[in-house]
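Here the structure is laid out as structure tokens; the discussion comes afterwards.
The values are calculated or read from the model by the stated rules, or taken from the named source; none is laboratory data. These numbers come from a predicted model, not from an experiment. Heads up, the Cβs are rebuilt from the backbone with ideal geometry, glycines too, and the neighbour counts pull from every protein chain shown. Only protein heavy atoms, including side chains, enter the accessible area calculation; ligands, DNA and RNA are left aside. Shrake-Rupley method; radii C 1.70, N 1.55, O 1.52, S 1.80 Å.
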Amino acid sequence: MKFTNSKIGAINPEPKILLAPLAGFTDSAYRRIVKSFAAGIVYTEMISSMGIFYGDKKTLDMLNFSEEERPIAAQIFGNVPDKLAYAAAFLEERGFDMIDINMGCPTPKIVKSGSGAALLKDLSLVKAIVKSVRKAIRIPLTVKIRKGFYKGQNVANEVGKIAEGEGADAICLHGIFAEEFFKPECEDWDSIRSLKENVNIPVIGNGGIKSEEDVLKMFEETGADYVMVGRATLGAPHFIKSADTYIKTGKKFTLSLKEKLYIILRHIELEVDDKGEERGIKEMRKIVAHYIKGMKGASHYRAELNGISTKSDMEKMLFEVFGKYEEA
Ligand SMILES: Cc1cc2nc3c(=O)[nH]c(=O)nc-3n(C[C@H](O)[C@H](O)[C@H](O)COP(=O)(O)O)c2cc1C
């Protein structure tokens, strides 16, 4: 397979596989762990433009990142063009390499506020937002969309044209309607191919990747310049490296159990360093649950995780989980 020669503004992502924004997961620790293997671009979790505008502490706490994460995109959400522009300029000043606008989040809370995928109901607002943010920043600008809000109303190509016309540097499409939420059977890669054929800016394909083979298939079937992966990295931070290796050599990249344990312990350490033990361990519960999925006694340990609140207890549990394999 041949990759395209595209760039996103001045950014030349390598590999061509990007880490998706996953609210509640892809904080700095998560991004550093994935990036220690490979990722063309990493994205922050979605950040409220209003939160930035009003200087909300919780929002500002989400903006920390380290140099090793570059190139890093900050993803913002909102529905007021000048507030999104303010947030984008603020984030450029903070040192982010790229701004991405969330136009795809289907969760009721976000949609009710008129943000995320709700924007796909009002394409004149989409245009005003891209125009306004474009004027405010010099770094690359992208939009991340779904193929439409309402089932059956595909607006992806139209949004692609608007984004391109207003100076966006790339467009990311999750080929599913917001009303379909996250139903695996609704993933539609033809919509990604169609978008690629309809715009001249790079297209980032996204959605429904479960295996290394799927990544290759998405590149081949859609012609996308980049593939963005989210859930497949949960519990498998080496997934992007493995997929890239698979495309280039036909072989996958795997981790030994010992390496995996080391990565989890490192992830916990980074998280606790960043957020303190109480919050860090609380957040690591769901992440560790993904890491141990499929291992012996996983369901028992997943339940136990909910009661764990210290780093040492979490480490102890992990030694127990992984120890079962040494005994065998
Ligand atoms: C837990 C979770 C959190 C997500 N958070 C965001 C987000 O903050 N911003 C965004 O644009 N998409 C978000 N998404 C959507 C993903 O970025 C991605 O588009 C979607 O999961 C499809 O890709 P995948 O099949 O590779 O996971 C989220 C998805 C999940 C499952």
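For segment 96-194, give me every one of the strands (runs of 3 or more DSSP E) that falls completely inside it and has 3 or more residues that are open to solvent by less than 50 Å² (accessible area, probe 1.4 Å) and touching a Ser or Thr at 6+ places or on another chain (Cβ under 8 Å). Break it down stepwise before answering.
Working: elements: 98-103, 141-148, 170-177.
Answer list for segment 96-194: 98-103, 170-177.
Looking across segment 32-57, just one residue is closer than 14 Å to ALA20 by Cα and either polar (S, T, N, Q) or not assigned by TED's automatic domain parsing to the domain that holds LEU234 (or both), and that is THR44. For segment 221-246, the set of residues classified as β-branched (Val, Ile, Thr) and closer than 27 Å to LYS258 by Cβ consists of VAL229, THR233, ILE240, THR245, listed by residue number. One residue stands out in segment 1-55 among those that are more than 17 Å from PRO202 (Cα to Cα) and charged (D, E, K, R): the one that is surrounded by the fewest Cβ atoms within 10 Å (Cβ to Cβ), namely GLU45. Of the residues GLY280, GLY297, GLY230, GLY250, which is within 15 Å of the ligand (Cβ to nearest atom) and of a type outside the set (Val, Ile, Thr)? Every option except GLY230 fails the conditions.
Restricting segment 183-218 to residues that are within 14 Å of the ligand (Cβ to nearest atom) and in contact (Cβ under 8 Å) with a residue 60 or more places away in the chain, the residue that is farthest from MET46 (Cα to Cα) is VAL215.
ALA236: modelled with pLDDT of 95 or more, near the ligand (Cβ under 10 Å from one of its atoms), of a type in the set (A, V, I, L, M) and open to solvent by 10 Å² or more (accessible area, probe 1.4 Å), yes or no? Here the answer is no, as ALA236 does not meet what is asked. LYS210 meets the conditions (1) in a loop (DSSP other than H, G, I, E, B); (2) touching a Gly at 6+ places or on another chain (Cβ under 7 Å); (3) open to solvent by 50 Å² or more (accessible area, probe 1.4 Å) in every case but one. The failed one is (2).
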